[in-house]
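For reference, the structure discussed in these notes is given below.
What follows draws every value from the coordinates through simple rules; no lab data is involved. Everything numeric in this text was worked out from a predicted model, so none of it was measured. Here the Cβ is made from the backbone with ideal geometry for all residues, glycine too, and neighbour counts use every protein chain on show.
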Amino acid sequence: MTGLLEEDGLNRESLSIKAAIATLGCKVNQYESEGLGEALTRRGYTMVPFSSVADCYIINTCTVTARTNYQSRQIIRKAIRNNPEAVIVVTGCYAQTAPAEIAGIPGVTLIAGHAEKDQIPDLIARLLKERLEIRVGDIGQTRQFSSLAATRFKDHTRAFLKIQDGCNAWCSYCIIPSARGRSRSLAEGSVLEQLAHMGRTGYREVVLTGIHLGAYGQDFSPQSSLVDLLRKVEEQHPVERLRLSSIEPTEISDDFIALLRQSALLCPHLHIPLQSGDDSILTRMKRHYTTSFFKDLLEKLCRAIPDLAIGIDVIAGFPGEGEAAFERTVELIESLPVAYLHVFPYSVRPGTPAAAMPDQVSPDEKKKRAEILRTLGTRKREAFARRFHGRSLRVLVEERRERSSGLRKGFSGNYLPILMTNADASQVNQLVQVQIENIDGTRISGRIMTP
């Protein structure tokens, strides 16, 4: 180590300590990693790229599938190879659910659960290389919302704001309630304050994110709701665009649809998990809706908001999914007005009810079914894009360019990635009107219109 902090974590020697963070998984993890980085910077640490030699590496892990566990272990070992003398901190969902497994990796210094994540910035400098410390409590008892707030997002034009954490749903395949604990919400005043701050610092768009976003406010006394919060945000209009990360189908009420239809703030884009197009599989998954309910909901949404982009999640090869059940899933998705699919081959998560179910689908069959669904997803994406040929859309210009052409990229309100043939550096982080001129498969390009 190049220096150790005193007990308060504010000694000037902290200025010589280099820290790096790697993040796996969802937008909630990304948000929390940004918050950790800001907390370390305030204490005088120098943040460096994860590939460089650092004094401390923090790996914010994911456990949604067996593959993300494997990727987490690979990144932990990479950090140890980068600097065998470094403090190695492992946190996130994999750390919460399998601390003993991670403790078996030689070189790990600290394993911190979600409730303990806030303490990491104050613990790093006191950690000794030869001592392994595990700080993983019972996340199910946690009711406090994390104090790690992120306000800057490197290399992102859009900002993220975590307003909810945890999940009470306990779907039979999902380990996340064990990893994240019960649903809890960021205080309404804090949401409004942080959105206002992000608007003042130049962010045009903010994505509201959470583990179970639609449960926002249900833990308050008296209870509130996501719709109540969105109405207040709409009144204050702290940023130009607000996007929602994901919402369950059973939490989309008529009030929600009316608000989305009339809103001058909310992006016409929803991500709604389907998971299966077979009613018997949905029951085994402990998903509390039917395929007819889901289809009716999506058709109602698109009647109310014709240009709405709807993305869905679907799991391929859940236990008991025979050929007929899979075909019903394909047929349902073919009939749905969706813009894109996120496809996940079913992954056994130890300790979940689905892991012990009979009729497990073979890995090869899961892979084959996932490929069929991804091909269908590509067709859906292309068909949705073609609807907008010749139209103009409002696009937030990003710094990123397409590698092959060098054209700047941006996203429309309804989540279409659009390449702009005449964008320049002065238009980065600006909302501009773009005339869609060419659609080639899923590649969409157009020109910024002169005001």
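What the table below lists for this structure:
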read-out	value
Ascending count of other beta-carbon atoms within 10 Å, so fewest first, for 70, 203	70, 203
Percent of beta bridges antiparallel (DSSP, segment 159-385, rounded to nearest 5)	10
The chain, helix-only ellipticity at 222 nm - DSSP H runs n ≥ 4, -39,500 (n - 2.57), divided by all residues, nearest 500	-9500 deg cm²/dmol
Relative contact order for the chain, counting Cα pairs under 8 Å that sit 6 or more residues apart, in percent	10
Kirkwood Rh in Å, taken over all unlike Cα pairs in segment 283-344	12.7
When the convex hull of its Cα atoms is projected in every direction, mean area for segment 12-141 (nm²)	7.3
Per-bin percent of Cα-Cα distances, segment 159-385 [10 Å]	8, 30, 34, 21, 6, 0
Considering only the chain, percent of DSSP beta bridges that pair antiparallel, nearest 5	35
Proportion of all alpha-carbon pairs of segment 392-448 beyond 17 Å (%)	22
C-alpha center-to-center spacing [segment 17-74, segment 91-112] in angstrom	14
Viscosity 0.692 mPa s, 37 °C: Kirkwood-radius Stokes-Einstein D of segment 286-401 over Cα pairs, µm²/s	202
Paramagnetic label zone (point 7 Å from Cα along Cα-to-C-beta, residue 170; backbone N under 16 Å) in segment 326-365	351-356
Those Cys residues of the chain for which no other cysteine Cβ falls under 4.7 Å	26, 56, 62, 93, 167, 267, 302
Where labels lie 7 Å past Cα in the beta-carbon direction, separation of residue 302 and residue 386 in nm	1.4
Estimated Rh, the chain: Kirkwood, alpha-carbon pairs, angstrom	23.5
Size of electric dipole in the chain: Cβ of Lys, Arg +1 and of Asp, Glu -1, about Cα centre, debye, nearest 20	980
Relative counts (whole %) of C-alpha pair distances in segment 95-236, using bins that are 10 Å wide	10, 33, 32, 20, 5, 0
Relative exposure of 343, 397, judged by other C-beta atoms within 10 Å (fewest first)	343, 397
Volume per residue of the C-alpha convex hull in segment 247-311, rounded to whole Å³	75
Partners for residue 409 among lysines (Cα-Cα distance below 24 Å; same-chain residues under 8 apart left out)	27, 154, 380
Separation of alpha-carbon centers, segment 336-390 and segment 169-208, rounded to whole Å	26
Per-selection metrics, segment 329-451 (Cα): Rg and Dmax in Å	19.2, 62
